[in-house]
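Comments concern the structure below.
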Amino acid sequence: MPEPVTSPAAWIGDELLSREDWTLTLDAQAVDELRDALRDSRDLTLDQINPSNFKLPLLKATLAKIQHQLEHGSGATIMKGFPVHQFSVDEAERIFWGLTTYLGTAVSQSASGQRLFHVRDEGFQVGQPQARGPNTRKRLSFHTDRCDVIGFMCLQQAKSGGVNQLVSSMAIYNQILEERPDLLLELMSPYYYKRHNVDLGNELPYCRQPIFSFHQGVFASAYLRVLIDRAYLDNDVPPLTATQLEALNFVDEVADRPAMHIEFRQEAGDIVLLNNWVTYHRRTEFIDYQELARRRHLLRVWLAVPNSRALDEMFRANYGAVEAGAIRGGMNSRASG
């Protein structure tokens, strides 16, 4: 019988809220340092900004600690206190980008090579090929993104809704081990994933990877139910067995339990950083303001981090690399072939 995972990242629900590494508040000195770095890098393009020219002499120690805690601590951090409304969208982009270069390397989030992504309702309807969950206002399911660490900066809240929900995938694993250990064999075996509609630089129509895995004794979980469901609708893919389907549904059921996850509403200026290998996230449906400038708007980065864990070989097709600290994840751009 497998043993439960013991780790600071195996928190259950509100336990996270009392963790020292969950909330960090930027003080006036830190904000001034970001403002100075913005000014000193004003002649650089976004892609040119890095720690050598976006200098944060005081904040860099804090960011190094966050980088460590995301991999070895709770796997989740919210940074509060950034006065985003004092800056233009372009300035906020540059500050968020510069700050996250201290944590890792941003990877592409689209076939066009976009590394800084805007999360907002673009008016897409269900079934449109260019539609992505973050560009709609619909409720999302618990999931991970194709990167080591995902970062969000909130520029503007919705009028209502858009509540963030976060759950530890380690805690889900432990709960399944306790209640339905018979399902773990399925969840540690590969499921088919279908290529995303917008992943146009990806030559593989499908990949196969497990929900839960251990490599060199280290846990990792990846989960995007929508792409699993799409894969098994295709005639080219063997149908889901009853046990496989039951296992997926049980993952969702455990994650959905109010005691298992936390809820919070990311406020304007808040920066949320999550380790995708130990957490799942989602947000509720939201209602926007009529005025364009007041509509819900977040910035998002996908990061490959230098202190990442090694992964099972089954993740190579989807992530490009499985070695510890590798540049991995993201979407291939069409230009790169």
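The values are calculated or read from the model by the stated rules, or taken from the named source; none is laboratory data. Here the structure is a predicted model, which means the values were calculated and not measured. Backbone-built Cβ (ideal geometry, glycine too); neighbour counts: all protein chains shown.
Residues in the stretch 195-249 that are of a type in the set (D, E, K, R), assigned to a helix (DSSP H, G or I) and modelled with pLDDT of 95 or more: 225, 229, 246.
Flag: residue 166 matches the condition of being at pLDDT 95 or above, in a strand (DSSP E or B) and closer than 29 Å to residue 325 by Cβ. Between 222, 259, 247, the distinction of being closer than 30 Å to residue 72 by Cα and touching an Asp or Glu at 6+ places or on another chain (Cβ under 7 Å) belongs to 247 only. Within the stretch 58-96, being in contact with a helix residue (DSSP H, G or I) (Cβ under 7 Å, 6 or more places away or on another chain) and surrounded by fewer than 14 Cβ atoms within 10 Å (Cβ to Cβ) holds for 58, 83. Selection of strands (runs of 3 or more DSSP E) fully inside the stretch 250-334 by the criterion of at least 2 residues being in contact with a strand residue (DSSP E or B) (Cβ under 7 Å, 6 or more places away or on another chain) and among the aliphatic types (A, V, I, L, M) returns 271-275, 297-304.
This table checks each residue for (1) touching a Leu at 6+ places or on another chain (Cβ under 7 Å); (2) of a type in the set (Gly, Ala, Ser); (3) crowded, with 17+ Cβ neighbours inside 10 Å.
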position	(1), (2), (3)
254	no, no, yes
269	no, yes, yes
280	no, no, yes
286	no, no, yes
298	yes, no, yes
315	no, no, yes
323	no, no, no
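Output yes when any residue across the stretch 19-33 is of a type in the set (Gly, Ala, Ser), assigned to a loop (DSSP other than H, G, I, E, B) and surrounded by 15 or more Cβ atoms within 10 Å (Cβ to Cβ), and no when none is. No, the stretch 19-33 has no match at all.
So which residues in the stretch 183-194 are part of a helix (DSSP H, G or I) and touching a helix residue (DSSP H, G or I) at 6+ places or on another chain (Cβ under 8 Å), if there are any at all? Result: 183, 184, 186, 187.
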